[in-house]
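What follows is calculated from the coordinates using simple rules that are stated; it is not laboratory data. On a predicted model such as this, the values are computed, not experimentally measured, just so you know. Glycine gets a Cβ as well: all are built from the backbone with ideal geometry, and neighbour counts include every protein chain shown.
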Protein chains: 2
Amino acid sequence: MSKPSENGTSLSGAESLLHTLVACGVDTCFANPGTSEMHFVAALDAVPAMRPVLCLFEGVATGAADGYARMAGKPASTLLHLGPGLANGLASLHNARRAQSPIVNIVGDHATYHLQYDAPLTSDIAGFARPVSDWVRRSASARSLPGDVATAVACARRSPGQIATLILPADTAWAPAERIGTLGADTPLSIVSKATLEKIAGLLRAPGRVAMLLRGDVLHGQGLQLAASIAAHTGAKLFCDTFAPRIRRGGHHPVIERLHYRGDEVIRQLAAFDHLILVGAEPPVAFFAYLGRPSWLVPSDCALHTLTRPCENGPDALERLADRLEAKMYHSAVRRAVATPRSDEPLTPETILRCITTDLPEDAIVVDEGLTSTFPYYDLLDAASSHDHLNLTGGAIGSGIPLSVGAAVAAPARKVVCLHGDGGAMYSLQGLWTQARERLDVITIIFANRSYAILEQELDRVGACVDGTRSRRLLDIGDPDLNWTALATGMGVATERVTTVAAFRDTFGRAIRATGPILIEAVIA
Amino acid sequence: MSKPSENGTSLSGAESLLHTLVACGVDTCFANPGTSEMHFVAALDAVPAMRPVLCLFEGVATGAADGYARMAGKPASTLLHLGPGLANGLASLHNARRAQSPIVNIVGDHATYHLQYDAPLTSDIAGFARPVSDWVRRSASARSLPGDVATAVACARRSPGQIATLILPADTAWAPAERIGTLGADTPLSIVSKATLEKIAGLLRAPGRVAMLLRGDVLHGQGLQLAASIAAHTGAKLFCDTFAPRIRRGGHHPVIERLHYRGDEVIRQLAAFDHLILVGAEPPVAFFAYLGRPSWLVPSDCALHTLTRPCENGPDALERLADRLEAKMYHSAVRRAVATPRSDEPLTPETILRCITTDLPEDAIVVDEGLTSTFPYYDLLDAASSHDHLNLTGGAIGSGIPLSVGAAVAAPARKVVCLHGDGGAMYSLQGLWTQARERLDVITIIFANRSYAILEQELDRVGACVDGTRSRRLLDIGDPDLNWTALATGMGVATERVTTVAAFRDTFGRAIRATGPILIEAVIA
């Protein structure tokens, strides 16, 4: 706790809150404020180091904070209005929590003395917060606020990344706070023991067939090369989860095989292995249960081992493991050739992915919620220029547009390409407006198949009758067709609709050379 | 429990669920399904008496169920996908709970045996549900499901209307259920005692100045005339809450004074009274706390009395009270004259409300989330044709479009006119698509002032600095302007932008004569 108010006048709780966030390294706030947050909003004028980003729906704010955390490696804050505002942000927070993204939520509440009256907007904010938060606290007073904020940030930063939710009663924001909170040093990451390293090294030296499942920062930093060296040296196979929060791909980065979305396929992928070593990952399980199909996807004759848990230092463990194995031999991956589609090929998810693969600029960020449109063509992007790939971690649909907002705010010099199904994009389309407001450099590609295509597959899978027009109609979003160019125009985002490969390539190429948001509606129905 | 499967084949849990809902009088389902709900979706083909209404965002589904309940006087069901799907519907459920609207939520979950694996979409569904639900149950098996569903409906129907949330594990939906649940008779409403009636009658006969605050079904049924008779006979003044869930107005219905949104104004409204009698209402409190202003709005020299609590039979109490007072003299209200705006007047919220007042068709439903645009002109609508007025009960912004969907489904022969601020309408604009899909007869009027106008007033109120460009920018949604005609087009809804009184009248008149959804963007910035 330090730094009394610089001008000698009283520091409000809200001003202290903002100064404390900035002092703790949190300088971006994705906000959808209401009346109880007006003192926070007013305090922004006094704390120019905090960048507020207005979102017109709370799920955009929390999803953007997730995307920001994945790319910046540190938390942003959100600013949400009471229980209903937090509620609107919960689905994105579910995803963020599954992605282990650090986030500090600030949720305004009624003044402490006002709660007893059960005014219309009173609700159990902590009750809403708990299922998605690692830490929840209601600040008791302006005096405790600086410490509460610093603790929230410390908690969010705890490895591998947590959700901290601070409830801010209005009187806590407007009363005098006196001081600014500061952050202690982060707790160093746990280091795996020599015994663990020795055991894993032994497995990798032994003749059995070994796979490693990677997750977390080992997929986008130095750990990726180290894992590839170990694999090259020992013959081990590298896998990542279906929905890795962030993975570095393309260029000369190693190719990591993605576990399939379908459990049956995962069992096939893992069938050949005697050992599965977890590196910051959990054992693979089915996304959903299906009658007569297994939930647990590790074959019964495949032994499970853990190199690092999510809270342990993965890159350090891989480095020490590589040293121990004398595995230094990683050579750059050889990019496979992907043919640019001919102009007379039909516009399909596959030809679109081939276009993107050949034309993606260096160091782009690809946000992928294409689901049925991108699942089958995921591997193509290994042949693209070096980029980060962000996925729908957590499975709550509608993450792509908010993630792209946050990624673009965190990495303003990089091109963001967001691949999105049309049904899923409807859940948080309001994020397009924030792309326009902040002039974010995002290309959103809507795969317009006019259906919940993934659910149509699921309906087939559960054995529903084929002629079920009533059930089919509930999965068909084509009556009326969504007009995504109109929706983008409505949000102030430039847009084009394309129906041919030639038009797609042309539009995508121009979008890459330009700066600022654009939405391409790719009609593939 | 009765009616075994009619064709002798096994009845699945999902089929039993749907048959049970229908048997209990719930025949409409506002749905946004996912994989875990596919058996429910498939079962729709077997239960044609259930009407599914697809919503492209869960807040639309739950808000529509609220609007449906307000107009139908009985619950619809929702169908939501796991914790994140429920989370997206919570803000609307907050409003519905405050409006005492009966709703039966069906929330799909993973199969019971799958939960242990903590798959990516696993979450604490009951934890999400509790803050907005009067009743939460996880169905344990297909055999218990019929009884669980009947209990959920019974709970939702309990006066004055409750939120029941039933969690439906996927295996509960696909296993055999054997039977269909049935509903017992509703518990009769509690009747107020003679002693209470005598006491209230005594107050009304005595010389003091008396006000009555009405809420619930006394505002839109026979109770309204009875209250007016009592008021006319005794000189008592009638009030309703700022955000009454549903109130019958216009035509020859009595005029009920609305309590103001601002606490200071409520204190002024109540200053003249010695007694305030609550009829299904809670005592008025401030919507938000403000520094130095009171939260409790009943003047200290005004005595509080309760005629009926929300769970008691209000119309019965008013009828017996009127008998006791021999108050039978209600005469129809005389409609005040409201001048149609001249064509050369500017298009403002006031001129728009004058147009609507003069042109509103008989028996319309007005859904009002106009906030700053409609607050000051609320009284005008007392001079319109007879209609029902639905408000933003609960205060969670973005209710208007979903409420209009549900009201139109419940009352297909009536014209729905939805008055909405532009900022608020963004929270659940996906409801426009459902208006188009279901060909609902809704006129949505967007008051396009390109700002969170209510928050700008709030920022002034908290004493923020006037030159705060950073804070103001967080309340300004005009960069870029939202283009509501494009947004409506994107959702398949007919639309026009108007900037003059003449154009508004012309467009509104044509919309009234036509059938089906239309959105009018009234530019008042």
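Things to note:
- Computed over the range B:360-443, the P(r) tail beyond 21 angstrom holds 25 percent of alpha carbon pairs.
- Relative contact order for the range B:194-325: 32 percent, from Cα pairs under 8 Å spaced at least 6 residues apart, divided by residue count.
- Convex hull volume of the C-alpha atoms in the range B:201-255, normalised per residue: 78 Å³.
- The range B:140-198: relative contact order as a whole-number percent, Cα under 8 Å and 6+ apart: 46 percent
- Per residue, the convex hull volume that the Cα atoms of the range A:281-373 enclose (Å³): 221 Å³
- Alpha carbon convex hull of the range A:426-525, volume per residue in cubic angstrom: 107 Å³
- Where chain B is rotated onto chain A, the residue of B whose Cβ comes nearest the axis, and that gap in whole Å, is B:Ala486, 2.
- Counting only DSSP H runs of at least 4 residues, each contributing -39500 (n - 2.57), and dividing by the residue count of chain A, the helix-based mean residue ellipticity at 222 nm comes to -10000 deg cm²/dmol.
- In the assembly of identical copies, A:Arg461 has its label point, taken 7 Å from Cα in the direction of the beta carbon, separated from the corresponding points by 5.0 nm (ascending, one decimal).
- Computed from the alpha carbon positions, the gyration tensor of the range A:349-523 leads to an equivalent ellipsoid with semi-axes of 27, 18, 15 Å, biggest first.
- Taking the square roots of 5 times each eigenvalue of the Cα gyration tensor of the range B:148-192, largest first, gives ellipsoid semi-axes of 27, 13, 4 Å.
- Value of relative contact order over chain A, rounded to a whole percent, pairs C-alpha under 8 Å and six or more apart: 14 percent
- When Rg and the Kirkwood radius Rh are both evaluated on Cα atoms of chain A, their ratio Rg/Rh stands at 0.99.
- Stokes-Einstein diffusion for the range A:34-146 at 37 °C, viscosity 0.692 mPa s, with a Kirkwood radius from C-alpha pairs, works out to 223 µm²/s.
- Per-copy distances of the B:Lys328 label point, shortest first, in nm (7 angstrom along Cα→Cβ): 10.7
- Label point of A:Glu257 (7 Å along Cα→beta-carbon): distances to the other copies' equivalent points are 7.8 nm, sorted ascending.
- Stretch in chain B that is longest and holds no GluC sites (Glu not before Pro) that DSSP places in a loop and that have at most 14 other beta carbons within 10 Å: B:7-325
- When Rg and the Kirkwood radius Rh are both evaluated on Cα atoms of the protein assembly as shown, their ratio Rg/Rh stands at 0.98.
- Legend: distances between Cα atoms for B:Lys199/B:Lys328; B:Lys237/B:Lys415; A:Lys194/A:Lys328; A:Lys74/A:Lys415; A:Lys74/A:Lys328; B:Lys237/B:Lys328; pairs beyond 22 Å are B:Lys237/B:Lys415; A:Lys74/A:Lys328.
- In plain terms, the C-alpha convex hull of the range B:435-493 casts an average shadow of 5.2 nm² when viewed from every direction.
- Inter-label distance for B:Ala232 and A:Arg439, nm, one decimal - labels placed 7 Å from Cα along Cα-to-Cβ: 6.5 nm
- Quick note on the range A:159-315: its Rg to Rh ratio, both from C-alpha atoms and Rh being the Kirkwood radius, is 1.11.
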